[in-house]
């Protein structure tokens, strides 16, 4: 094992891993983090903590990770390239490791124009693939980007995101290959609604042997309503929501659509689990964390292995 | 060319409020080509300023003058004979020209009438588009001749991000995704294998991040004491 990461340990044991997500609050209340944490306790193997997602200012990802760590979680610290240059990034990586964080998810970050500070300057000194390589260089070579040697190397399990549905499709598997080459240990995908298209992508991933070099966790997000499904299809770039899914939700009375959404999500997890190379599932129940336990249980993934 | 936009009239009116005699100085280079601060735009702005002043019961004397360039003292010096007749210069050059005019006349108020925006090209009449950020270390040979620094909203070197959709950038549906363009071009050139190479962390010290830049060609310089 490269690190003390819980998900790395479970993946090595051959377990099908379950992760979820916890968005930090828009304020300094630590209790808000604990409250969300409590909904996920003993439900999942690792919790992603988002880094100012959609460019809306929130409590820092690292601080929230530490609060969750104190609760017994093995947080997956999300770090975006939007807000930090390579000096801050390397420094935060060392700090996170010192605080006992074992997992990092390397992301570009949403553009600031989507958030509450659209007039901000972005940084993008390095990109997500270069970030993966930076963490790997610190961890495995014990060297800073500037070439100097570290005293005490950060032992982080390196993750990244990949969107199998974004354009241009033809380079999506190739791009995952770049992430693996850069040093990525695991991947969490964008939420999958089109299992067929995802399977096709996984086929390309297997052809390149990438599934053997990094663990692929398939991303899912339960739909709350037909309206939400339509909204995501129309407004979220790189989101592939098949019409059949929207129709299925719309065919159910409004008050039962959320339950139908959960049912669809569970079915989807069961399908994804059967795809060769899928090593786990990442459940992103945005502001719906209370449903994660139900989904995990219904998908037959409960209780989690020790 | 350097592309810019003329500032809104209200903003210019606010700047020239204290003055009754101004020299409105156009530039005949890039800023003329992008129809922001050439002779024609100087004429339009002068009329607008005079009309507004008159409407508010005031007066303003404006001398319209367009220089060949405002980025060379030899041209800027052409206003020397009459510059002192005016309280302020309103420059319609790019940011470089405005500053260089101010630098030549340290005692004179020089006001900007242009918001300088980018280094770009003419897409069609009336439409200009950004192409270069002057980062000082060109990588166009790796990216099919399309610059991710200038044309990707996140300046990703190993893009695209997950926000590329139907060839467009998530930041603006009218903007092409630079990485879609790069992939298309690499394919056309039969160089898609280039895409698989990781472009390493960039040296930004050649860009503005390294501090203001100066270029010296010793062989072209005229010795100071000759």
- When all Cα-Cα pair distances of the protein assembly as shown are considered, the percent exceeding 30 Å is 58 percent
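What 222 nm value per residue comes from the helices of the protein assembly as shown, counting each DSSP H run with n ≥ 4 as -39,500 (n - 2.57) and dividing by all residues, nearest 500 deg cm²/dmol? Could the numbers behind the result be given before it?
Values: 20 runs with 182 residues, N = 532.
Only helices count here, giving -9500 deg cm²/dmol.
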- Message: Compute the helix-to-body angle for A:61-70: its Cα long axis versus the longest principal axis of chain A, expressed 0 to 90° and rounded to tens.
- Response: 80 degrees
- Viscosity 0.692 mPa s, temperature 37 °C, Stokes-Einstein D of chain B from Kirkwood C-alpha radius, µm²/s: 161 µm²/s
- Angle between the Cα long axis of helix B:39-55 and the longest principal axis of chain B, 0 to 90 degrees, nearest 10? 50 degrees
- Note on the structure: In vacuo Debye sum over C-alpha of the stretch A:172-306, base-10 log of normalised intensity I(q)/I(0) at q = 0.11, 0.12, 0.17, 0.19 Å⁻¹, listed in q order, is -0.42, -0.49, -0.94, -1.12
- Rounded to whole angstrom, the alpha-carbon centroid of the stretch B:33-108 lies from that of the stretch B:176-224 at a distance of 35 Å
- Calculate I(q)/I(0) for chain A by the Debye formula, one identical point scatterer on each C-alpha and no solvent, and give its log10 at q = 0.07, 0.09, 0.14 Å⁻¹ to two decimals. -0.25, -0.42, -1.09
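Under the definition of partner shielding as Cβ atoms of other protein chains within 10 Å of a residue Cβ, what is the mean value for peptide B:190-203? Walk me through the intermediate numbers first.
Values: counts 0, 0, 3, 1, 0, 7, 6, 2, 10, 4, 6, 11, 6, 0.
Average per residue, whole number: 4.
Just how many % of Cα pairs in the stretch B:1-97 lie over 24 Å apart, if you round to the nearest whole percent?
Numbers: 825 of 4656 pairs.
The calculated P(r) of the stretch B:1-97 puts 18 percent of pairs beyond 24 Å.
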- Message: Quick check: from the Cα gyration tensor, does the stretch B:135-210 come out rounded (a/c under 1.5), prolate or oblate?
- Response: oblate
- Most to least packed among A:25-36, A:60-71 [average Cβ atoms within 10 Å]: A:60-71, A:25-36
- Shielding of A:117-130 by partners, i.e. mean partner chain Cβ atoms within 10 Å per residue? 4
- With everything on Cα atoms, drop me the angle between helix A:257-273 and the longest principal axis of chain A, reported from 0 to 90° to the nearest 10. 60 degrees
- Sort A:3-16, B:203-216 for me by packing, meaning the mean count of neighbouring Cβ atoms within 10 Å per residue, highest on top. A:3-16, B:203-216
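For A:171-179, what's the mean count of beta carbons from other chains sitting within 10 Å of each residue's beta carbon?
Working: counts 12, 2, 0, 5, 7, 0, 3, 6, 2.
Neighbouring Cβ atoms belonging to other protein chains average 4 per residue here.
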- Query: Taking every DSSP beta bridge that has both residues in chain A, what percent is antiparallel when rounded to the nearest 5?
  - Reply: 5 percent
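Using Stokes-Einstein with the Kirkwood hydrodynamic radius over Cα pairs, what translational diffusion coefficient do you get for the stretch A:43-163 at 20 °C and a viscosity of 1.002 mPa s, in µm²/s rounded to a whole number? The partial results should precede the final answer.
Details: Rh = 14.6 Å.
Answer from the Stokes-Einstein relation: 146 µm²/s.
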- Query: Taking Cα pairs under 8 Å and at least six residues apart, what relative contact order does chain A come out at, in percent?
  - Reply: 19 percent
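Restricting the count to DSSP beta bridges whose residues both fall in chain B, what percent are antiparallel, rounded to a multiple of 5?
About 45 percent, rounded to the nearest 5.
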- Out of the DSSP beta bridges found with both residues in the protein assembly as shown, what percent are antiparallel (nearest 5)? 25 percent
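Bear in mind these aren't lab numbers, they're just calculated from the coordinates by the rules spelled out. Being a predicted model, the structure only gives us computed values, none of them experimental. Methodologically, a virtual Cβ is constructed for each residue, glycine included, from the backbone with ideal geometry; neighbour enumeration extends over all protein chains shown.
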